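Here's the structure, in structure tokens; my notes come after.
The values are calculated or read from the model by the stated rules, or taken from the named source; none is laboratory data. Since we're looking at a predicted model, the values are computed, not measured. Using ideal geometry, Cβ is built from the backbone for each residue, glycine included, and neighbour counts are taken over all protein chains shown. In case anyone asks, the SASA skips ligands and DNA or RNA and just uses the protein heavy atoms, side chains included. Shrake-Rupley method; radii C 1.70, N 1.55, O 1.52, S 1.80 Å.
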Amino acid sequence: MVAEAIDRSAGLYDPELEAMSADRRRAYHAERLRAAVKHAYDHSPHFRRRIEDADLNPVAITQVHDLARLPVLKKSTLPQLQKQAPPFGGLLAAPLSEVSRIYQSPGPLHEPEGREPDYWRMARAFYAGGFRAGDLVQVTFAYHLSPGGWICDGGLRALGCVIVPAGVGNTELQVELLRDLRIAGYVGTAAFLSTLITKAEEMGWDVVKDLCLRVASVSGAMMAESMRQMMADRYRLMIRQIYAIGDLGLVGYECQKASGMHIADDLILQIVDPRSGRELAVGEPGEVVVTVFDPLYPLIRFGTGDLSAVTTDPCGCGRTSARLTRIMGRVDEVTKIKGMFVHPRQVDEVVAAFSEVLRYQVIVRLKGHDDQMAFLIELASGVEPEPLLTKLRDKTKDLLQITANIEVVPPGTIAEGAKKILDERRWD
Ligand SMILES: [Zn+2]
């Protein structure tokens, strides 16, 4: 069997929502926000307390920008809240009988699932990733305790896919399933997809001829672009990423253009300064803060702890929503340099293109009241510093939006396993 080379990614799942004008989207968000805030205030003891502690009342929040008046509910505080008032810390805004399942993620953190089909709003994300009704899909996220398996299951069922709930592990059995059932779609982590393909080749199979895999939807960790390209070239497999979290389901998803993750239309996403809660400008990295309109578990101004940035450049797919450029890491690992939040993974990204750089470290110092960013690098022997240093400086400016002093240091200066960003600023 040869994998079909067909375009499964054209069109929209829900044009009414996905192709809204900016004005229409603003009005839609405001209308749903007002209803969600009123409902949460009336039914969630925790939310009522937060509103009152902020000296607000529900009618004070009528537009998206009014959300700035409400403190961010940090995901990291949920385990403690839930412990104090089990099972959901007073955040549930409906009787417990409205919950169909309760999950547990590390924390421990309990997540409720409602009773309606595709409770996590995932179908459109799979559609954008090329999944279609009738496709056989193998889901390799866990189906017990943590919600990953069921979150995907709900979306795929709503789309009309035929699901094989394979769960995690059992590599050899899973590879056989892919072949025997002629599975077209894979759902899971990029790492496990790679493990399955490697296993198939070890078993002497030709992945293109012996398997029918055409589309894959990965989440859990950001995928390397090189892997996406390799899978497309070598195996004719289209991989798209989904950003979903257990507390509130779908947040963002890639379309066929794969140039960032479209923000789901039925929620409000803001990028904020993780310390002050102030909303940041388009393009600036900060914490992803989400408000969902869910009457069961209304997470309003929910700080995910994830670091990302938004682009509003138009996308060729026809969807008009803004896009998350990528998930850069966790906000508790960032250092603020010259007003920008920088994650160690972004430093890795700067250096990734320069194989001549053996070790590297960013040191942040204070000069007067200004931040100075020194980028220390150790070079392979015989490498001329120029034009490498100029290129590295440009790349830093490009990716971090900060001008750095690049300093070449002798081999052995940077200790093995040293922190990628060393903050030497002292304000006392
Ligand atoms: Zn798009």
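Annotation: lysines with alpha-carbon distance below 23 angstrom to K199 (same-chain offsets under eight excluded): K209.
Let me make sure I get this right: for the chain, a, b and c are the square roots of the gyration tensor eigenvalues over alpha carbons, sorted descending. Under 1.5 in a/c it's rounded, otherwise prolate if a/b > b/c, else oblate. Which is it? Oblate, since a/c reaches 1.5 and b/c is not below a/b. Ligands, DNA and RNA aside, T413 has an accessible area near 80 Å² when probed at 1.4 Å.
When the surface is traced with a 1.4 Å probe over the full set of protein chains, T77 keeps roughly 60 Å² accessible. Peptides 262-273, 105-116, 30-41, ordered by how many other C-beta atoms sit within 10 Å of their residues on average, highest first, read 262-273, 30-41, 105-116. When only Cα pairs below 8 angstrom with a gap of at least 6 residues are kept, the range 361-428 shows a relative contact order of 46 percent. On the range 350-416, 50 percent of the accessible area sits on carbon and sulfur atoms, based on a 1.4 Å probe. Shown are R50, R301, whose ranking by accessible area with a 1.4 Å probe and every protein chain present, most to least, is R50, R301. Within the listed set A166, A415, A221, the residue fluctuating most in the Gaussian network model of the chain (springs between alpha-carbon atoms under 10 angstrom) is A415.
Solvent-accessible area per residue in the range 309-362 equals 42 Å², computed with a 1.4 angstrom probe and all protein chains kept. What part of the accessible area of the range 118-197, given as a whole %, is carbon or sulfur when the probe is 1.4 angstrom? The computed percentage sits at 57.
Calculated mean residue ellipticity, 222 nm, the chain: -8000 deg cm²/dmol, from DSSP H runs (n ≥ 4) at -39500 (n - 2.57) each, averaged per residue and rounded to 500.
Listed by chain and number, the lysines whose alpha-carbon sits under 29 Å from that of K397, ignoring those within fewer than 8 places in the same chain, are K257, K336, K338, K367, K419, K420. Annotation: per residue accessible area for the range 35-116 equals 53 Å², rounded to a whole number [probe 1.4 Å, protein chains only]. R24 sits with roughly 110 Å² accessible to a 1.4 Å probe, with DNA, RNA and ligands left out of the calculation. When Lys and Arg each count +1 and Asp and Glu each count -1, what net charge do the other residues less than 14 Å away from G155, Cβ to Cβ, add up to? Every neighbour counted, the sum reads -2. Electrostatic tally near G277: other residues with Cβ closer than 11 Å to its Cβ, Lys and Arg +1, Asp and Glu -1, net +2.
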